[in-house]
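Okay, structure first, notes after.
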Amino acid sequence: MSSFLHITRCGVLALAASLAACAVPDADDSIARSAAESKPVVQGAEGPLTPAASDALIKRLGSGAEGSEILQRHLQVEEGVAGSPLTTDNAVEVLRDGDQTFAAIGAAISGARQTLNLEYYTIEDVTLQTPDGNARALADMLVAKLQQGVSVNIIYDSYGSSDTPGAFFERLEKAGAKLLSFHPIDPNPANVINGNDRDHRKILVADGRVAVIGGVNLSKSYESKSPGSDDEDGEEDPQTGLPRHWRDTSIRIEGPAVAEIQKLFFVHWSEEGGAKIDQAPYFPKQQAKGGHIVRVIGSTPKQDVSRYYVTLISALRSAERKIWISNAYFVPTPDEMEALLDAARRGVDVRVMVPEQSDSPPAVEAARSHYSDLLEAGVKIFETRDVVLHSKTVTIDGVWSAVGSSNFDHRSVLFNDEIDAVILGKQTAEDLEAIFKEGEQTSNRIDQASWEAQRGFGERVRGFWSRMMEGLL
């Protein structure tokens, strides 16, 4: 989730003076430097592939000779900035919404025999589906695993989980779980910078072999059933006035990419002063589980520029045929806007799906303030109906896909710690495109003429002020 209320890293004085966004780092320098780096080498379950084998594997993904060359150039940039390897031999399953994601998480916890690592922006005592068809509370499942001798380590964001009752954490800690609060909220003005740096990741790793990442928090917001299911009531949440159902996307991964996710967890654990842990049991020898090529990218404000942001800009600029984006908080940076406009103008099928209703109304207003420019360039815009869209997915040319926690906004670039997976191959792209196409059937297509005619003065003013505050969204 996102919040308009975080203390801005730019500082109160700068905000009051200009109401301008914090400056987003320029991605061009990173892209230019990385373009001169060596070609990417793919890691498999048995170790690195030879350069020739890596090259052949990547070429098979491209759409013809020209497409292969463009993909190679992009991956060369990605290799230089991502800080993590391309891995093959992975199995990847796309998970739709809370019900499928919670079922995958419930199965992973149920099957854990040695270790469980959880890292979430929001963690609550949600109800999970287990493989035997039962529904169990998260805390009950974790306590049962602790009693079986499974090691449980949890990182939770202190802001995102601030509404979670303390008794939930106390029970887990008493049962033997190791807990770590990311950047505890501190009203001391000297700690404003840390207060704005949030852990926005969503990670579960079981036994170092199975991982679930994406946009779904361990939040009760996701306990509603998918629209169209027998149990879905379609009503609004009486507390928020928003639709009960949250539309989101996660992925389940097995294979060498899981170790890269595990590494990111332990980097945070160490940096935040977590208790000493013998990491050896958390990194078992990986086995080949499938044919998916995956790169896991961890981004933090400590980097000169967000690693995922740079690879996303490069991928958008490299697109030849289509760019389909589904995102909860669409507040594009200048570079992202330019990349989308340029792509649409050169004939790329650019589609953007965003929420009509959101837990961050200013983000909706800011997104709408960009519609005119996007529509004029030929971008197709869809606003979802009767759901809260929380997905963060991108598919490009039917072969490059990204699923993770990063929003298409300034906050994910400037302030948040994020995790995203880039998946190369047609299967994942097809799965995400199928979800997108279904979403189009229950969305409002924004027509340029109608949009300009119906947009009143009040909405334009709200859009103006939201645009001024983009750096906080």
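Cross-link pairs exceeding 18 Å between alpha carbons, from the set K302/K392; K145/K276; K380/K437; K174/K202; K289/K322: K302/K392; K145/K276; K174/K202; K289/K322. A simple rule links phi to the HN-Hα coupling: the Karplus curve 6.51 cos²θ - 1.76 cosθ + 1.60 with θ = phi - 60°, which for segment 425-434 gives x, 7, 5, 5, 4, 5, 4, 5, 5, 5 Hz, with x for Gly and Pro. Treating each Cα of segment 91-282 as one equal point scatterer and applying the Debye formula with no solvent, the log10 of I(q)/I(0) at q = 0.12 Å⁻¹ comes out as -0.59.
Seen from T101, the other residues with C-beta closer than 10 Å to its C-beta sum to a net charge of 0, counting Lys and Arg as +1 and Asp and Glu as -1. Distances between placed amide hydrogens fall under 5 Å for R201 paired with Y121, all partners being 5 or more residues away or on another chain. With the simple spin-label model, which puts each label point 7 Å out from Cα in the Cβ direction, the A103 to T50 separation comes to 4.4 nm. Using the Cβ of Y308 as centre and a radius below 9 Å, the other residues enclosed give a net charge of -1, where K and R count +1 and D and E count -1.
The gain in end-to-end length when the E452 to E173 segment is fully stretched comes to 94.9 nm, 0.36 nm per residue minus the alpha carbon separation. Available extension along the chain between F266 and F283 is 5.0 nm, counting 0.36 nm per residue and deducting the alpha carbon span. Distance between the pseudo-spin-label points of D186 and K426 (7 Å out from Cα toward the beta carbon): 5.4 nm. If you take the beta carbon distance between K322 and Q147 as r and set R0 to 51 Å, what does 1/(1 + (r/R0)^6) give as a FRET efficiency, to the nearest 0.05? For R0 = 51 Å, the calculated efficiency reads 0.50. If you take the Cα centroid of segment 109-128 and the Cα centroid of segment 319-336, the two points sit 31 Å apart. Seen from E124, the other residues with C-beta closer than 9 Å to its C-beta sum to a net charge of -1, counting Lys and Arg as +1 and Asp and Glu as -1.
Potential lengthening of the chain between E69 and N134 amounts to 18.4 nm, from the contour at 0.36 nm per residue minus the alpha-carbon distance. Considering only N217, G106, S162, the residue lying farthest towards the positive end of the dipole of segment 91-282 is G106, judged by Cα position with unit charges set on Cβ.
Quick note: the coordinates plus some simple rules give every number you see, no bench work behind them. Just so we're clear, the structure is a prediction, and the values are computed from it rather than from any experiment. Note that we place each Cβ from the backbone using ideal geometry, even for glycine, and neighbour counts take in every protein chain shown.
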